[in-house]
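Contents: one structure, followed by commentary.
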Amino acid sequence: MEPLETKTEATAIPRIGDNAPAFKAVTTQGDINFPSDYSGEWVILFSHPADFTPVCTSEFITFAHLEDKFKKANCNLVGLSIDGLHSHIAWLRTIKEKIEYKGMKDVEVKFPLIEDISMEVAKKYGMVQPGESKTQAVRAVFFIDPKGIVRALIYYPLSLGRNFDEIYRALIAMQTADEFNVATPADWNPGDDVIISPAGTCGVAEERMTSTEGLDCKDWFFCTKKLSKDTVLNALLKK
Ligand code: BEZ
(Lines give C-alpha, C1' and ligand atoms only; values in the text may rest on other atoms or scores of the structure.)
Protein backbone atom coordinates (compact mmCIF):
# COMPACT_ATOMS: atom_id res chain seq x y z
CA MET A 1 0.00 0.00 0.00
CA GLU A 2 1.46 3.40 -1.02
CA PRO A 3 1.50 6.26 1.47
CA LEU A 4 -1.63 8.39 1.07
CA GLU A 5 0.46 11.53 0.44
CA THR A 6 2.02 10.06 -2.73
CA LYS A 7 -1.38 9.10 -4.08
CA THR A 8 -2.89 12.51 -3.39
CA GLU A 9 0.02 14.34 -5.02
CA ALA A 10 -0.06 12.13 -8.10
CA THR A 11 -3.77 12.57 -8.75
CA ALA A 12 -4.39 16.27 -7.94
CA ILE A 13 -6.12 17.69 -11.01
CA PRO A 14 -6.48 21.43 -11.67
CA ARG A 15 -10.15 22.28 -12.06
CA ILE A 16 -12.06 24.37 -14.58
CA GLY A 17 -11.75 28.00 -13.48
CA ASP A 18 -8.45 27.49 -11.61
CA ASN A 19 -5.28 29.38 -12.46
CA ALA A 20 -3.13 27.05 -14.54
CA PRO A 21 -0.36 25.78 -12.24
CA ALA A 22 2.88 27.60 -13.07
CA PHE A 23 6.16 25.86 -13.88
CA LYS A 24 9.48 26.31 -15.69
CA ALA A 25 10.54 23.52 -18.02
CA VAL A 26 13.07 22.39 -20.59
CA THR A 27 11.52 21.60 -23.98
CA THR A 28 12.54 20.62 -27.50
CA GLN A 29 12.15 24.31 -28.41
CA GLY A 30 14.12 25.71 -25.45
CA ASP A 31 13.12 26.69 -21.93
CA ILE A 32 9.58 27.81 -21.17
CA ASN A 33 7.94 29.66 -18.33
CA PHE A 34 4.38 28.43 -18.15
CA PRO A 35 1.76 29.86 -18.49
CA SER A 36 3.24 33.40 -18.51
CA ASP A 37 5.05 32.88 -21.84
CA TYR A 38 1.60 32.39 -23.39
CA SER A 39 -0.14 35.34 -21.77
CA GLY A 40 -2.70 36.86 -24.17
CA GLU A 41 -3.00 33.62 -26.17
CA TRP A 42 -4.69 30.27 -25.70
CA VAL A 43 -2.54 27.25 -25.03
CA ILE A 44 -3.30 23.56 -25.10
CA LEU A 45 -1.04 21.63 -22.71
CA PHE A 46 -1.28 17.92 -23.40
CA SER A 47 0.49 14.82 -22.14
CA HIS A 48 1.25 11.52 -23.81
CA PRO A 49 2.42 8.32 -22.15
CA ALA A 50 5.79 7.79 -23.84
CA ASP A 51 7.99 8.56 -26.82
CA PHE A 52 8.45 5.83 -29.45
CA THR A 53 4.99 4.33 -28.92
CA PRO A 54 2.48 3.92 -31.76
CA VAL A 55 -0.66 5.66 -30.49
CA CYS A 56 1.41 8.64 -29.33
CA THR A 57 3.18 8.74 -32.69
CA SER A 58 -0.15 8.88 -34.55
CA GLU A 59 -1.28 11.67 -32.21
CA PHE A 60 1.87 13.74 -32.66
CA ILE A 61 1.71 13.48 -36.43
CA THR A 62 -1.93 14.58 -36.35
CA PHE A 63 -1.40 17.45 -33.91
CA ALA A 64 1.71 18.72 -35.73
CA HIS A 65 -0.23 18.57 -39.01
CA LEU A 66 -2.92 20.78 -37.42
CA GLU A 67 -0.57 23.19 -35.63
CA ASP A 68 -1.06 26.05 -38.13
CA LYS A 69 -4.83 25.69 -37.81
CA PHE A 70 -4.57 26.08 -34.02
CA LYS A 71 -2.13 29.00 -34.41
CA LYS A 72 -4.67 30.78 -36.61
CA ALA A 73 -7.11 30.44 -33.72
CA ASN A 74 -4.56 32.13 -31.41
CA CYS A 75 -3.75 28.80 -29.76
CA ASN A 76 -0.32 27.31 -29.01
CA LEU A 77 0.38 23.63 -28.45
CA VAL A 78 2.68 22.29 -25.73
CA GLY A 79 3.28 18.55 -25.26
CA LEU A 80 4.69 16.63 -22.31
CA SER A 81 5.78 13.14 -21.39
CA ILE A 82 7.82 11.58 -18.62
CA ASP A 83 10.80 11.16 -20.92
CA GLY A 84 14.13 12.98 -21.31
CA LEU A 85 15.02 15.65 -23.83
CA HIS A 86 17.24 13.40 -25.96
CA SER A 87 14.52 10.77 -26.23
CA HIS A 88 12.10 13.51 -27.35
CA ILE A 89 14.54 14.81 -29.96
CA ALA A 90 15.29 11.32 -31.31
CA TRP A 91 11.56 10.45 -31.50
CA LEU A 92 10.61 13.68 -33.29
CA ARG A 93 13.45 13.13 -35.79
CA THR A 94 12.24 9.56 -36.42
CA ILE A 95 8.68 10.80 -36.94
CA LYS A 96 9.87 13.28 -39.58
CA GLU A 97 12.21 10.88 -41.33
CA LYS A 98 10.34 7.60 -41.29
CA ILE A 99 6.70 7.63 -40.23
CA GLU A 100 3.65 8.16 -42.41
CA TYR A 101 0.17 8.14 -40.88
CA LYS A 102 -3.05 8.60 -42.86
CA GLY A 103 -1.18 10.22 -45.73
CA MET A 104 0.66 12.64 -43.40
CA LYS A 105 4.41 12.28 -43.80
CA ASP A 106 7.60 14.30 -43.42
CA VAL A 107 5.89 15.95 -40.46
CA GLU A 108 7.98 18.29 -38.35
CA VAL A 109 6.83 18.81 -34.78
CA LYS A 110 7.55 22.50 -34.21
CA PHE A 111 5.70 22.98 -30.92
CA PRO A 112 7.56 22.47 -27.62
CA LEU A 113 7.66 19.03 -26.04
CA ILE A 114 8.47 19.20 -22.32
CA GLU A 115 10.93 16.79 -20.71
CA ASP A 116 9.49 15.76 -17.37
CA ILE A 117 11.63 12.98 -16.02
CA SER A 118 11.08 14.32 -12.49
CA MET A 119 7.26 14.18 -13.05
CA GLU A 120 7.06 17.63 -11.50
CA VAL A 121 4.78 19.05 -14.16
CA ALA A 122 2.82 15.82 -14.69
CA LYS A 123 1.99 15.74 -10.97
CA LYS A 124 0.95 19.41 -10.90
CA TYR A 125 -1.55 18.68 -13.65
CA GLY A 126 -2.77 15.31 -12.35
CA MET A 127 -1.40 13.59 -15.44
CA VAL A 128 -0.06 10.61 -13.50
CA GLN A 129 -2.99 8.45 -12.55
CA PRO A 130 -1.53 5.47 -10.69
CA GLY A 131 -4.50 3.17 -11.35
CA GLU A 132 -3.67 3.46 -15.06
CA SER A 133 0.14 3.80 -14.84
CA LYS A 134 2.55 4.82 -12.11
CA THR A 135 5.32 5.74 -14.57
CA GLN A 136 3.56 7.17 -17.63
CA ALA A 137 1.25 10.15 -18.01
CA VAL A 138 -2.29 9.50 -19.22
CA ARG A 139 -3.53 11.39 -22.28
CA ALA A 140 -4.54 14.70 -20.67
CA VAL A 141 -5.53 17.86 -22.53
CA PHE A 142 -5.76 21.23 -20.75
CA PHE A 143 -7.27 24.24 -22.50
CA ILE A 144 -5.81 27.38 -20.92
CA ASP A 145 -7.16 30.78 -21.88
CA PRO A 146 -5.30 34.07 -22.52
CA LYS A 147 -5.59 34.96 -18.81
CA GLY A 148 -3.96 31.68 -17.73
CA ILE A 149 -7.23 30.11 -16.52
CA VAL A 150 -8.01 26.41 -17.06
CA ARG A 151 -11.15 26.40 -19.20
CA ALA A 152 -11.58 22.72 -20.07
CA LEU A 153 -9.84 19.41 -19.61
CA ILE A 154 -10.07 16.03 -21.26
CA TYR A 155 -8.52 12.81 -19.97
CA TYR A 156 -8.12 9.62 -21.99
CA PRO A 157 -6.49 6.33 -21.01
CA LEU A 158 -3.24 5.05 -22.50
CA SER A 159 -4.86 2.89 -25.16
CA LEU A 160 -7.16 5.56 -26.63
CA GLY A 161 -5.90 8.05 -29.21
CA ARG A 162 -7.55 11.46 -29.00
CA ASN A 163 -9.88 13.09 -31.55
CA PHE A 164 -8.17 16.28 -32.67
CA ASP A 165 -11.21 17.57 -34.54
CA GLU A 166 -13.02 17.56 -31.18
CA ILE A 167 -10.13 19.37 -29.50
CA TYR A 168 -10.30 22.08 -32.19
CA ARG A 169 -14.11 22.21 -31.99
CA ALA A 170 -13.98 22.67 -28.21
CA LEU A 171 -11.43 25.49 -28.57
CA ILE A 172 -13.53 27.35 -31.15
CA ALA A 173 -16.71 26.80 -29.11
CA MET A 174 -15.14 28.31 -25.97
CA GLN A 175 -13.77 31.24 -27.95
CA THR A 176 -17.23 31.74 -29.49
CA ALA A 177 -18.84 31.70 -26.04
CA ASP A 178 -16.39 34.39 -24.86
CA GLU A 179 -16.65 36.57 -27.97
CA PHE A 180 -20.44 36.49 -28.44
CA ASN A 181 -21.65 35.85 -24.87
CA VAL A 182 -23.50 32.69 -25.88
CA ALA A 183 -23.36 28.96 -25.13
CA THR A 184 -23.04 26.18 -27.68
CA PRO A 185 -25.36 23.17 -27.83
CA ALA A 186 -24.58 19.49 -28.38
CA ASP A 187 -22.34 18.79 -31.37
CA TRP A 188 -22.17 22.51 -32.19
CA ASN A 189 -19.94 23.63 -35.02
CA PRO A 190 -19.49 27.14 -36.47
CA GLY A 191 -22.61 28.04 -38.48
CA ASP A 192 -24.97 26.16 -36.16
CA ASP A 193 -27.41 28.11 -33.98
CA VAL A 194 -26.11 29.15 -30.55
CA ILE A 195 -27.86 29.23 -27.19
CA ILE A 196 -28.52 32.46 -25.36
CA SER A 197 -28.22 32.39 -21.59
CA PRO A 198 -31.34 31.17 -19.78
CA ALA A 199 -33.76 33.81 -18.47
CA GLY A 200 -32.90 34.84 -14.92
CA THR A 201 -36.17 36.55 -14.08
CA CYS A 202 -39.87 35.93 -14.73
CA GLY A 203 -39.94 39.18 -16.77
CA VAL A 204 -37.17 38.03 -19.09
CA ALA A 205 -38.81 34.60 -19.38
CA GLU A 206 -42.01 36.31 -20.54
CA GLU A 207 -40.09 38.54 -22.99
CA ARG A 208 -38.34 35.55 -24.46
CA MET A 209 -41.68 33.91 -25.24
CA THR A 210 -43.29 37.02 -26.73
CA SER A 211 -40.42 38.77 -28.54
CA THR A 212 -39.74 37.74 -32.11
CA GLU A 213 -36.38 39.54 -32.31
CA GLY A 214 -34.13 36.98 -33.87
CA LEU A 215 -34.70 34.37 -31.18
CA ASP A 216 -36.07 30.88 -31.62
CA CYS A 217 -37.48 29.87 -28.21
CA LYS A 218 -38.61 26.27 -27.78
CA ASP A 219 -39.61 27.29 -24.28
CA TRP A 220 -38.65 30.19 -21.96
CA PHE A 221 -35.43 28.44 -20.89
CA PHE A 222 -34.33 27.15 -24.30
CA CYS A 223 -33.70 29.93 -26.82
CA THR A 224 -31.33 29.86 -29.76
CA LYS A 225 -30.25 32.43 -32.30
CA LYS A 226 -28.44 32.39 -35.62
CA LEU A 227 -24.71 33.07 -35.70
CA SER A 228 -23.23 32.61 -39.13
CA LYS A 229 -20.06 30.64 -39.73
CA ASP A 230 -18.46 33.70 -41.40
CA THR A 231 -19.25 35.88 -38.38
CA VAL A 232 -17.63 33.37 -36.04
CA LEU A 233 -14.58 32.66 -38.15
CA ASN A 234 -13.97 36.31 -39.08
CA ALA A 235 -14.04 37.25 -35.40
CA LEU A 236 -11.82 34.41 -34.17
CA LEU A 237 -9.32 33.47 -36.82
CA LYS A 238 -6.21 35.45 -37.73
CA LYS A 239 -6.12 36.45 -41.40
C1 BEZ B 1 0.95 4.04 -27.42
O2 BEZ B 1 1.14 5.23 -27.54
O3 BEZ B 1 0.90 3.28 -28.37
C4 BEZ B 1 0.78 3.47 -26.05
C5 BEZ B 1 1.46 4.02 -24.98
C6 BEZ B 1 1.31 3.46 -23.73
C7 BEZ B 1 0.48 2.36 -23.55
C8 BEZ B 1 -0.22 1.84 -24.62
C9 BEZ B 1 -0.07 2.40 -25.88
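Below is a table of values for the structure above.
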quantity	calculated
Residue among 224, 231 that alone is within 30 Å of residue 73 (Cβ to Cβ), part of a strand (DSSP E or B), at pLDDT 95 or above and not basic (Lys, Arg)	224
Segment 38-69, subset part of a loop (DSSP other than H, G, I, E, B) and touching a helix residue (DSSP H, G or I) at 6+ places or on another chain (Cβ under 7 Å), residue farthest from residue 139 (Cα to Cα)	52
Qualifying residue in segment 19-37 (condition: part of a helix (DSSP H, G or I), farther than 14 Å from residue 116 by Cα and within 16 Å of the ligand (Cβ to nearest atom))	no
Residue match in segment 163-177 (condition: within 30 Å of residue 135 (Cα to Cα), at pLDDT 95 or above and within 16 Å of the ligand (Cβ to nearest atom))	yes
Residue count, segment 127-183 (criterion: under 17 Å from the mean Cα position of the chain (by Cα), of a type in the set (S, T, N, Q) and either within 15 Å of residue 79 (Cβ to Cβ) or surrounded by fewer than 16 Cβ atoms within 10 Å (Cβ to Cβ) (or both))	1
Matching residues in segment 63-82 - criterion: being surrounded by fewer than 20 Cβ atoms within 10 Å (Cβ to Cβ) and touching a residue at least 60 places away in the same chain (Cβ under 8 Å)	66, 69, 71, 72, 73, 74
Near pairs, Cβ below 9 angstrom, 6+ apart or cross-chain, from segment 181-193 (in a loop (DSSP other than H, G, I, E, B)) to any residue that is small (Gly, Ala, Ser) and surrounded by fewer than 19 Cβ atoms within 10 Å (Cβ to Cβ)	181/197; 182/197; 184/177; 190/228; 191/228
Candidates 154, 172 - the one that is out of contact with any Leu (no Cβ under 7 Å at 6 or more places or on another chain) and either in contact (Cβ under 8 Å) with a residue 60 or more places away in the chain or β-branched (Val, Ile, Thr) (or both)	154
Leading residue by the ranking (nearest to the chain's Cα centre (by Cα)) among those in segment 38-60 that are away from the ligand (no atom under 12 Å from the Cβ) and buried (at least 17 other Cβ atoms within 10 Å of the Cβ)	44
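The values are calculated or read from the model by the stated rules, or taken from the named source; none is laboratory data. Note that this is a predicted model, so its numbers are computed, not measured. Note that we place each Cβ from the backbone using ideal geometry, even for glycine, and neighbour counts take in every protein chain shown.
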